[in-house]
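See below for the structure under consideration.
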Amino acid sequence: MARQLRMDLVGFTVLAIVSGLGGGMLRDTLLQQGFPVALTNPAYLTSALAGAVIAYLMVFGHRWTMRALFLADCLSVGCWAATGTVKALGAGLAWPPAILLGVVTAVGGGMIRDIAVGRLPAIFGGNTLYATSALLSSGLMALLAGLGHETAGMAGAIVLSAVVSVAARRFG
């Protein structure tokens with residue numbers, strides 16, 4: 001998106017930080033259990049900055065790179081949805097708000113990014129169903145975590161997110 005909007009390195013960096021860390025920061029702010037982890041663990045900001053530099057220096061226009069990035073995005077939606085759900089459950093929330101915070105964790109950063117550049121958030125349309133896959137993944141995570149199977153919940157959420165998003169893109 002930053003390249004399409006002809007942004008400089010600062011623009012790439014701001015969009016990388018907002019889209020990569022915004023959902024988790026929003027979740028942590030809503031949970032009110034200390035500072036957002038993205039501000040206390042330097043690995044989060046370092047990863048976002050590295051992503052910004054890589055995106056700025058490389059052109060991802062080839063068909064295979066676009067497919068690889070899409071698949072990575074689908075997998076990460078499931079991972080972040082499950083992570084947000086587990087963190088909310090660990091904070092003592094019941095499963096409905098925990099699922100909501102799982103979805104916010106997964107897609108909140110992208111929403112903030114889209115609003116920042118003046119676009120309708122992509123989760124409100126299109127053919128990737130990221131919000132739907134985040135919702136389903138968060139629900140699966142809440143169910144399996146409640147049964148004591150957090151590892152299976154994480155794996156299942158990641159796979160479910162990828163299957164739903166790839167199928168939506170392929171058939172939708």
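Read-outs throughout are calculated quantities, based only on the coordinates presented, and are distinct from any laboratory measurement. These figures come from a predicted structure and were not determined experimentally. Virtual Cβ from ideal backbone geometry, glycine too; neighbours counted across all protein chains shown.
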Note, segment 12-28: 3J(HN,Hα) by Karplus (6.51, -1.76, 1.60, θ = phi - 60°), whole Hz, Gly/Pro = x, goes 4, 5, 4, 5, 5, 5, 5, 6, x, 10, x, x, x, 5, 5, 4, 5
By how many degrees, 0 to 90 and rounded to 10, does the Cα axis of helix 63-90 deviate from the longest principal axis of the chain? 30
Rounded Å value of the spacing that divides the Cα centres of segment 1-33 and segment 138-172: 24
Quick calc: nm separation of the 7 Å Cα→Cβ label points for Q32 and V10 -> 3.6
